[in-house]
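Take a look at the structure set out below.
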Amino acid sequence: MSAVTVEERVGCVRFSVRVQPRASRTEIAGIQHGALKVRLQAPPVDGAANEALVDFLADSLDVPRRMIRIVAGESSRSKVIEALGIGAGVVIRLAEGR
């Protein structure tokens, strides 16, 4: 398994996520081509999967929901996420399951 690619910026990090909507449960499913693979129970209808992704990442990274935003890929399975107020190590530990 390769590592998730995390770009550190001033006050935030950016990382790629590959989403699988309509999964049996919401969970992190590993790393795929440098992106965090996330399975979501929510369907990709009316932004439900995007909302579920933001909620899940906020809970998983232990930050308020407003600190997570999708900066690219709103209508795609491949997305770029920006998380404010955390370092790259937090995302890497999440990807590794720690």
So for the stretch 25-67, using the alpha carbon gyration tensor with a ≥ b ≥ c as root eigenvalues (a/c under 1.5 gives rounded; past that, a/b versus b/c decides prolate or oblate), I'd call it oblate
Rounded to whole Å², per residue accessible area for the stretch 29-75 with a 1.4 Å probe reads 54
Taking protein heavy atoms only, a 1.4 Å probe, and rounding to whole percent, the accessible area of the chain owed to carbon and sulfur comes out at 46
Sparse-neighbourhood loop hits (GluC sites (Glu not before Pro), the stretch 6-96; DSSP loop; Cβ within 10 Å at most 11 others) -> GLU74
Between ARG93 and ALA48, the FRET efficiency computed from the C-beta separation at R0 = 22 Å comes out, to the nearest 0.05, as 0.20
If one builds a Gaussian network model of the chain from Cα atoms under 10 Å apart, the most fluctuating residue listed among VAL19, VAL63, VAL45 is VAL45
Scalar couplings 3J(HN,Hα) for the stretch 22-37 by Karplus 6.51 cos²θ - 1.76 cosθ + 1.60 (θ = phi - 60°), nearest whole Hz, x for Gly and Pro, are 6, 7, 5, 8, 8, 6, 8, 10, x, 10, 10, 6, x, 10, 6, 8
Taking every DSSP bridge whose two residues both lie in the stretch 1-48, the antiparallel percent to the nearest 5 is 70
Row for the stretch 1-51, column shape: gyration tensor on C-alpha, a ≥ b ≥ c, rounded if a/c < 1.5 i.e. under 1.5, prolate if a/b over b/c, else oblate; value oblate
Given backbone amide H placed at 1.01 Å from N, residues whose amide H is under 5 Å from that of ILE86, ignoring those fewer than 5 places away on the same chain, are VAL13
A correct Karplus calculation of ³J(HN,Hα) over the stretch 60-75, with 6.51 cos²θ - 1.76 cosθ + 1.60, θ = phi - 60°, whole Hz and x for Gly and Pro, returns 5, 8, 6, 10, x, 3, 5, 8, 10, 8, 8, 9, 7, x, 3, 10
Averaged over all viewing directions, the convex hull of the alpha carbons in the chain casts a projected area in nm² of 5.6
Largest fluctuation, ARG25, ARG39, ARG77 only, Gaussian network model of the chain with Cα springs under 10 angstrom, belongs to ARG25
Simple spin-label estimate for ARG69/ALA3, 7 Å along Cα→Cβ, in nm, reads 2.8
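The values are calculated or read from the model by the stated rules, or taken from the named source; none is laboratory data. These numbers come from a predicted model, not from an experiment. Please note: Cβ atoms are built from the backbone with ideal geometry, for glycine as well, and neighbour counts cover all protein chains shown. For accessibility, only protein heavy atoms count, side chains too; no ligands or nucleic acids. Shrake-Rupley method; radii C 1.70, N 1.55, O 1.52, S 1.80 Å.
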